């Protein structure tokens, strides 16, 4: 079997290609730490704003305790062709009422499942990136992705418009 040859990428394309991978992945993986054991699970982002990721959790979920104990996380986004984005960051509870309301209003799945933004089980988190890397399929070489903490590339993913 011949070794695959990855499509080359120019440095000025890395940001756009990485954003496309994030936008296209409907089941990115979130890694947390449970004591000393890594835990990985798929999540459904409520929104992305550049590489800032918003997602919901429930108060009684195990990952909630993991995030409270250690807010350092990593996400992996994978494209159909196996290009990947690895996003390291810190996770923070979103308490701003306007942000919570906007996320609630733009996510019908959240509304159908929890019925009220005042549901005491609902927690909304934001991941602020500290490092973003992109790897082309089979290249085995990461590119550092330039990013801003918050950008104008906002996408709503959960309702299928992003």
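No lab work stands behind these numbers, since they all come straight from the coordinates. Since the structure is predicted, the reported quantities are computational estimates derived from the model, not experimental observations. Here the Cβ is made from the backbone with ideal geometry for all residues, glycine too, and neighbour counts use every protein chain on show.
Ranked for footprinting exposure by Cβ neighbours inside 10 Å, fewest first, 76, 91 give 76, 91. Among 143, 113, sorting on how many other beta-carbon atoms sit within 10 Å of each Cβ, with the fewest leading, yields 113, 143. Once both labels are modelled 7 Å past Cα along the beta-carbon direction, what's the residue 7-residue 117 spacing in nm? Each label point lies 7 Å from its Cα, and together they span 4.0 nm. Place a point 7 Å from the Cα of residue 39 along the Cα-to-Cβ direction; which residues of segment 71-95 have their backbone N under 14 Å from it? Output list for this probe position: 71-74. Which entry is the computed mean projected area of the Cα convex hull in nm² for this structure: [x] 10.7; [y] 13.5; [z] 9.9? Answer label, from the structure shown: [x]. The long axis of helix 14-24 is offset from the longest Cα principal axis of the chain by roughly 50 degrees.
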